[in-house]
Amino acid sequence: MNKEQADTVKRIFELYLAGNGVRKIQDIMEQEGRKTATGLTRWQSGNINRVLRNPFYCGRIVYRKQYVPDYLVQKKINNYGAVDKVYVEGSHEKLVSPEDFDRAQEIRAKHRIGKRDKRGRSVGQSPCKHIWGNKVVCTCGHAMNRRIAHKANDGTLSYIYQCYGQLRTGTPAGRLKKGLDIEGICDNSSFMGWKLEVQADFVFKKLLGNKDAIYKEAMAMAQDVAEVKAPERNDKERLEANNRQIEKLNRQLANLVDMCSEGDISREVFRSKKKKLEDQISKLEKLNDECRQRVLELEDNGAKDRRIESLSEFIKMTAFDARAKIPDTVIDNFVDQIVFDHGTFIWYLNPAYGNEVYKQEASDWKKKQHLQSLNDKATSTACCSTGSYR
């Protein structure tokens, strides 16, 4: 590591311990013209976090980042806490004191909101709980982040959507104020969520031109849901019993490995017994997978009932009442993707249901005017006639 890189590492810790967040440090690194470890001038939050969590900079060397759970196979896997890691003092220069490094880890732990699995590994974000989060993307390719824009007196929430790429790098206007380069930065605008509801109302009314295809698909979807068999009530008990048996077999397997490594049994005996234990474990895990699926289906019966009800509305065409909201299940099955590009929404629909693409310019829409159109057929027809298919 050269002096410039070392100074950058020290600067990052200095800023972090002074109370600056990762995003703020990211901006400062670019303002000061500092480069990442790979020589880039554009910083990401990941660059900062990698520096902050690396114990090498405080003089510590970590061993057992990987370990071998099976001495016969000799295959290394990443160590997420299954065995204790070993920290030793290195002879290299310390860029930060161990005390400052530990303090930085304490701060990071307080700010960490990510979920972790039983092995201590970070797990990804949960799927979006709202339909538009799975359908709308920015023209630059990033997903759109939804956040609350306003809460009415009656508790009703209004949402605004913004490109995730801008959340990581900042908007062009924000970067210019900080004196940062805007080359390659997404300059797409944000939009209010109500615009999606207005367009959905119009798009699905247009789909009525192909009633036969929609009816057949909706009937098939409803049939798939209705045919799900109710799971047995004792599956949870079976899961618990199987898990206890798997733990017992794993302990036997661990003892077997120890016996082989210490020479108490031959490799031939070890292979034979090991295969027998692994076959039993594999069989139990397969049974567990089947039980879990039935348990999930049982616990999700309420969701399935709601889905059937929603599809029934769709089949009866009640979803196209001017006052009715289009069900999320309908949107999920009939809309492939919605691309937002500087005020214009491009709806990519399933080609089996008529027109493939619907494009709507909505940058100058007024909320009061267009939401009123959902409850007024005449106004709705006049308002949405500006949409165009291609």
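Keeping every protein chain in place, order K366, K274, K35 by accessible area at 1.4 Å, biggest value first, i.e. largest first. Walk me through the numbers on the way to the answer.
Working: K366 130, K274 20, K35 100 Å².
Sorted descending by solvent-accessible area, the residues read K366, K35, K274.
Enumerate the amide H contacts of Y159 below 5 Å, restricted to partners 5 or more residues apart or on another chain; note that Pro and chain-start residues carry no placed amide H.
Placed amide hydrogens put A149, G193, W194 under 5 Å from Y159.
Would you kindly find the accessible area of L239, with a 1.4 Å probe and non-protein molecules such as ligands, DNA and RNA excluded, rounding to the nearest 10 Å²?
20 Å²
For the pair R50 and E285, how long in nm is the line joining their label points, each one 7 Å along Cα→Cβ?
3.1 nm
As an exercise, use a Förster radius of 41 Å and the Cβ-Cβ distance of S189 and R11 to find the FRET efficiency, rounded to the nearest 0.05.
Values: r = 34 Å, r/R0 = 0.84.
Efficiency computed from Cβ-Cβ geometry: 0.75.
Under a crude label model (7 Å from the Cα following the beta-carbon direction), how far is H111 from I77 in nanometres?
Using points 7 Å along Cα→Cβ, the separation is 3.2 nm.
If you count only protein heavy atoms and use a 1.4 Å probe, how large is the accessible surface of H342, to the nearest 10 Å²?
Estimated to the nearest 10 Å², H342 gives 90 Å².
What is the spin-label model distance, in nm, from D341 to R244 if the labels are put 7 Å beyond Cα along the C-beta direction?
Here the modelled spin labels are 6.1 nm apart.
Beta carbons within 10 angstrom, averaged per residue: use that to sort the peptides 148-155, 334-341, highest first. Write down the numbers at each step before the final one.
Working: 148-155: 8.5, 334-341: 18.4.
Going by the mean number of other Cβ atoms within 10 Å, highest first, we get 334-341, 148-155.
With r as the distance between the Cβ atoms of Y63 and A173 and R0 = 35 Å, compute the FRET efficiency 1/(1 + (r/R0)^6) and round to 0.05. Could the numbers behind the result be given before it?
Values: r = 48 Å, r/R0 = 1.37.
Computed FRET efficiency for A173 and Y63: 0.15.
With a 1.4 Å probe and all protein chains in place, put K135, K85 in order of accessible area, largest first. Let's see the in-between values first.
Details: K135 20, K85 90 Å².
Largest accessible area first, the residues go K85, K135.
Under 5 Å between amide hydrogens, which residues at least 5 positions from L349 or on another chain qualify, with H placed 1.01 Å from N in the peptide plane?
Residues meeting the amide H criterion: D336, V357, Y358.
Pulled fully out, how much extra length does the chain show between V269 and R103, if you take 0.36 nm times their separation in residues and subtract their Cα-Cα distance?
Values: separation 166, 0.36 × 166 = 59.76 nm, distance 5.11 nm.
Result: 54.6 nm gained on full extension.
Ignoring ligands, DNA and RNA, how do T169, T139 rank by accessible area with a 1.4 Å probe, largest first? Write out the running numbers ahead of the final one.
Details: T169 20, T139 70 Å².
From most accessible down to least: T139, T169.
To the nearest 10 square angstrom, what accessible area does E4 show with a 1.4 Å probe?
100 Å²
Spelling out what I want: for every residue of the stretch 140-149, take phi, set θ = phi - 60°, compute 6.51 cos²θ - 1.76 cosθ + 1.60 (Karplus), and round to whole Hz; glycine and proline get x.
Couplings: 7, x, 6, 6, 9, 8, 9, 9, 6, 9 Hz.
The values are calculated or read from the model by the stated rules, or taken from the named source; none is laboratory data. Not measured: the values here are computed from a predicted model. Note that we place each Cβ from the backbone using ideal geometry, even for glycine, and neighbour counts take in every protein chain shown. Protein only, heavy atoms only, side chains kept; ligands, DNA and RNA dropped before computing areas. Shrake-Rupley method; radii C 1.70, N 1.55, O 1.52, S 1.80 Å.
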